[in-house]
Amino acid sequence: MRINCPYCGPRPNEEFNVLGDATKTRPDADKATAQDWLDYVYERDNPKGRLEEYWHHASGCRNWLVVKRNTVTHEVYSVVAARDYKKTHPEGVKK
Amino acid sequence: MTGYRLASGGLINREKSVSFSFDNKIYSGFEGDTLASALLANGVSLMGRGFKYHRPRGPLTAGSAEPNALVGVGHGARREPNVRATTLEISTGLVTTSQNCWPSLRFDIGAMNQTVSPFLVAGFYYKTFMWPKSFWEKVYEPIIRAAAGLGTASHEADPDRYEKAYAHCEVLVIGAGPSGLMAALTAARAGARVIIVDEGARPGGSLLFEDDDINGVSAHDWTDGIIAELDKNDNVRIFTRTTVFGRFDGNMFGALERVQKHLTEPDQDRPVERTWRIFTKKAVLASGAEERPLVFGDNDRPGIMQASAVRHYVKRYGVSPGKCCVVFTNNSSGYRTAKCLVDYGVKVAAVIDSRSNPPEEDAGGVKVITGAVISKVKGSKTVSGILVTREGDLENIDCDFIAMSGGWNPNVHLACQLGTKPVWDETIAAFVAPETGSDFLSVGAVAGRFSLTECLKDGAEAGAKASKACGHKPKPIEHFETSSDNLFSIEPLWNIEQSTGKAFIDFQNDVTSKDVPLAAREGYRDVELTKRYTTLGMATDQGKLSNINGLAILAGATGRSIAQVGTTTFRPFYTPVSFGALAGANRGQHFRPVRKTPVHNWAQEQGAVFVENGLWLRAQWFPQQGDESWFTAMKREVKNTRENVGVCDVSTLGKIDLQGPDAAEFMNRLYCNGFKLLQVGKARYGLMLREDGIVFDDGTASRLAEDHYFITTTTANAGPVMTHMEFCHQALWPEFDVQFSSVSDQWAQLAVAGPNARKTLQKLIAEDLSNEAFPFMGAQTVTVAGSIKGRLFRISFSGELAYELAVPADYGDSVVRAIMAAGKEFGILPYGLEALSTMRIEKGHVAGGELNGTTTAYDLGLGKMMSTKKDYIGRALAAREAFHRDGRWNVVGLLPVDKTQKIHSGAHILNIETKPSMKNDQGYVTAVAFSPMVGQWIGLALINDGTNRRGDEVEVWDALRDSYVRAKICDPVFYDKEHVKLHA
């Protein structure tokens, strides 16, 4: 599998580390409830199909990326830098 | 012993003879021979022994699916077991031996297993070795292990080199038979970047042993012409002796290139095998088909082989496997073999066709007996004749070899490895490759198209389609005329009940036609269960020949259709791949990199003993006599540091340079304690938490300017902390205007500790180091030895008056020597990791044993560090109730009551007079040291509510050594409790 890093181009997956769900947004420290934190830190779906995940180009440019991919076919739909993803999803992704 | 070399023919070099040995006997063959063809030419057909029953075996195939003719190759460290004689190219000096037989291949005691064969049925292990349980480890397992396996590997280290490589192309063609060659040629002519791969030593596939004409040219000349054209094209790479063994996500393929496996003495400067990862836009699978054996009694006798293998030996190698053949078939393939043998002057006694009314086929004038089957094979180590049954009538026919064909199995593996199931095609009685999208096209025989004309057209179309999809303009496809356009016809024949003797389905694992129905009767009806219960298809050939026969028989036994039964799962590897090839260069000392600090050479000169610490090599202790033990050296180094001065290399600490207008705010978010108000020129101990509230890492960070921090991490967490900071900056707070970079390798860092540390350093450093000018936790840029710009931190891990001096890495060596020279008059000695660790335990500083991913700041006695005035990673969940309940295990000191007794790390804590159990467990020892200052063994431990139990006595139970030591819970600071020394 290759991941098309926006900075480096298509690179083999062993250059990357995966972290997990990228749709969660860190709760606001002033307003968040315990439930919000539980959800952010521990609760993860394990979807069959589309998934958005954080990947780190650890052996490359060291950028954190958000990879949209399919857990069944392993098709990669899109790859964007995490800092750009954050700009377009300031409140996270509502499901 | 009846095979012989034909007077002419074959793609071998008769000018060049090659001598080799098999079981210590010297034979001669020709350049271009395989071991199997050369042995057959020498009249040798017995090449191996069966796995379970030790029955005599000869080659069944002429290719990579060979289950029988497996031999040991080479000697000494280069000895390799289970090599297929049918693909092993001979070269002068080649040494080969038979396997799985004792005392010899011709007379094998193990063949007595046949007499007990009623007990060696499917599921034999599961049924026999059940009881008594205690027998398993001591009796059954050693016996099974001794009996299992075929060849024996060398126990010496592999002397050869292996490597891994990457390749990229637009069109990958797998298989260089007629379909593959046309696909590659068409794509290459269109201008695509093409890689074509073939497992054989020479491209051509079936064209190497079928001599039909293509467009009026002989198949061989046609093939040579195409290879020459591909060879000239710079956009094309041809890989021979290379097997594509796996298909992976994103159209990536794994391939094994046997660079020098065919040479007896490989060139030491080149790898013997190379593992390729091939990335391609489009792939064309042209892997062909493998001929199925027929399942009849004693079908494993040497001299019985695939009909196509007979053609292969005759036409490619100029060898006839015997003097008189009988062909047994249920499809067109058998007729081709009969005609081929007749053309080459080999006698064919009869073609036995199981079909009652087969279509008219050219058998080369040989007598055809239709509606008949072989009911008995005569001979034990060879074939001497057969008994044919036709509508109840029996007929004896003399022959010394049998060519059999039960149809063809397309090699669908690569098309199915990503999970798509193959498709049953009733007209050819076989599973064919499924459609798996436009990036992967299956052509020719693997797609169930068997005629040469179809294969050529199919390949050309796929080559055009693939190259077009890559933006090229393929030329119109030419028209093909071949001399072989008879249609393929078949009537399935799965099991021949009239025949006597063991009828093998899986030749390599010795699974017979009786085992599969037995498994079904015992409830293993699912194909995956049948496979595992009988071991059908589980040998190194992965069922290439056996699976379809096996599941057809399973279908019959369970009243289902073959399509309903389905196939087992296809997984890499297509053929066996050596561990050496998968490891590549990453073995021995190259398994992973070694990191040496900038002062490594100096430490080595001092005679340091090094220890691996992650990838790092760190000085563990400095023996004064060569053989001094770590224990006496450690005691000297601790005492000298505490009484005079010591120097220690701490360059392995992670170092991160953080700058930017938002650096202070970013620091505040990373650490649980505040860093915003830290003065410029000061260092501070910091604690990072994980978002779940558990402690992540600790270290000091210094503020070098308003917008500039220098962070150190523990050695182990240098990488993870950097990754964490990158995540925080990029994914959580990209609005922060900061930049940071790992500078771990840019700075050499030396701890100088002890009462004379200031006096030592002041000799080298221009700036005033007095306590007033540079107090505890000072951090500033300094000038070292007149000109070197360094950074000095007054921080202490040892608890002494101590400094850490960082200098650019290239100056590390000269600066440590300068420190040693400056400190000579003050009694300086280097100290290693053992002394460092002892001193930190004496001071109760937490390290890896306590920062173990389960402890909170409170558990470590550092709860007060957690700020209440700011947001930071881990704040919310560190406040959760469970982390503040009674009964947390927290860090305390531990002192054996009897001063002579030793405690061990990992030992568990029990209340006195309680037995070891999960319920009674009170915690465990995280670190121990012999303290030269206290004069006995001391320890740190995580103990249930430990902080409130100081003074209590407990038992320290060491399960490994089964010992109990009475110890007292105490304050974790054992030495200089008031911390007077570090402020001196």
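Every number here is computed from the coordinates shown, using simple stated rules; none is lab data. If you're wondering where the values come from, they're calculated on a predicted model, not measured in any experiment. Cβ: placed from backbone, ideal geometry, glycine included. Neighbour counts: every protein chain shown.
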A student applying the Cα gyration tensor rule (rounded when a/c is under 1.5; otherwise prolate if a/b is larger than b/c, oblate if not) would label the range B:198-262 prolate
Order the peptides B:47-59, B:575-587, B:884-896 from the highest to the lowest mean number of other Cβ atoms within 10 Å of their residues.
B:47-59, B:884-896, B:575-587
What residues from the range B:168-207 fall in the zone where the backbone N is under 19 Å from a label point 7 Å along the Cα-to-C-beta line of B:Lys473?
B:186-193
When Cβ neighbours within 10 Å are restricted to other protein chains, what is their mean count per residue of peptide B:582-594?
0
Under a crude label model (7 Å from the Cα following the beta-carbon direction), how far is B:Thr783 from B:Lys514 in nanometres?
9.7
Taking amide H positions as placed 1.01 Å from N in the peptide plane, with prolines and chain starts having none, which residues 5 or more places from B:Trp937, or on another chain, fall under 5 Å of its amide H?
B:Ser931
Which one, B:Gln99, B:Gln762, A:Tyr40, projects farthest toward the positive side of the charge dipole computed for the protein assembly as shown from Cβ point charges (K/R +1, D/E -1)?
B:Gln762
Centre separation in Å (Cα based) which lies between the range B:487-523 and the range B:772-833
80
Evaluate peptide B:730-740: per residue, the Cβ atoms of other protein chains within 10 Å of its Cβ; return the mean as an integer.
4
So what's the gap between the Cα centers of the range B:155-220 and the range B:1-28, to the nearest angstrom?
27
Once amide H atoms are built 1.01 Å from N in the peptide plane, which residues 5 or more positions from B:Val173, or in another chain, come under 5 Å H to H?
B:Ile195, B:Ile196, B:Val197, B:Val284
Positive-pole candidate from B:Cys970, B:Leu960, B:Phe930, dipole of the range B:886-983, charges at beta carbon
B:Phe930
What FRET efficiency comes out for B:Ser867 versus B:Trp733 if R0 is 30 angstrom and r is the Cβ-Cβ distance? Round to the nearest 0.05.
0.95
With a ≥ b ≥ c the root eigenvalues of the C-alpha gyration tensor of chain B, is it rounded (a/c under 1.5), prolate (a/b larger than b/c) or oblate?
prolate
Applied in sequence order to the range B:782-794, the curve 6.51 cos²θ - 1.76 cosθ + 1.60 (Karplus, θ = phi - 60°) yields integer Hz couplings, x standing for Gly and Pro, of 9, 10, 10, 6, x, 9, 7, 7, x, 10, 10, 10, 8
When you look at the Cβ of every residue in B:864-873, what mean number of other chain Cβ atoms sits within 10 Å?
1
Quick one: Cα centre-to-centre distance for the range B:316-390 and the range B:706-733, in angstrom?
76
Restricting things to alpha carbons, find the Rg to Rh ratio for chain A using the Kirkwood radius for Rh.
0.99
How many nm separate the modelled label positions at B:Asp234 and B:Arg202, each set 7 Å beyond the Cα in the direction of the Cβ?
3.0
Which value in deg cm²/dmol, rounded to the nearest 500, describes the helix-derived mean residue ellipticity at 222 nm for the protein assembly as shown, given -39,500 (n - 2.57) per DSSP H run of n ≥ 4 and division by the residue count?
-5000 deg cm²/dmol
Cα gyration tensor shape for the range B:886-983, rounded if a/c is under 1.5, else prolate or oblate:
oblate
Grab the beta carbon distance between B:Ala157 and B:Thr540, set R0 = 25 Å, and tell me the FRET efficiency rounded to 0.05.
0.60
Mean separation of Cα contacts under 8 Å, 6 or more apart, over the residue count of the range B:886-983: relative contact order %
37
Diffing the range B:75-92: the Karplus 3J(HN,Hα) column from phi (6.51, -1.76, 1.60, θ = phi - 60°), in whole Hz with x for Gly and Pro, holds 9, x, 5, 8, 5, 10, x, 6, 8, 6, 4, 7, 10, 6, 6, 7, 9, 4
If you bin the C-alpha pair distances of the protein assembly as shown every 20 Å from 0, what whole percents do you get?
11, 31, 27, 22, 8, 0
Note: B:His75 to B:Gln589 extended length (0.36 nm per residue) minus current alpha-carbon separation gives 182.5 nm
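Remind me, relative contact order of the range B:397-495 in percent, using alpha carbon pairs under 8 angstrom and six or more residues apart?
25
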Extension gain (nm, one decimal) between B:Ser917 and B:Thr500, 0.36 nm per residue minus Cα-Cα
143.8 nm
Using amide H atoms built 1.01 Å from N in the peptide plane, name the residues 5+ places from B:Phe328, or on other chains, whose amide H lies under 5 Å from its own.
B:Ile352, B:Ala403, B:Met404, B:Ser405
If you take every DSSP beta bridge fully contained in the protein assembly as shown, what fraction is antiparallel? Give it as a percent rounded to 5.
75
The range B:312-365 - percent relative contact order, Cα under 8 Å, separation 6 or more
38
How many percent of DSSP beta bridges within chain B run antiparallel, rounded to 5?
75
Between A:Asp30 and B:Ala984, what is the label-to-label distance in nm when each label sits 7 Å out along the Cα-to-Cβ direction?
5.0
Within the range B:891-911, which residues have the backbone N less than 12 Å from the label spot 7 Å out from B:Gln936 along Cα→beta-carbon, could you tell me?
B:894-903
At 0.36 nm per residue, minus the direct Cα-Cα distance, what do B:Ser91 and B:Asp886 gain on full extension? Give it in nm, one decimal, please.
278.6 nm
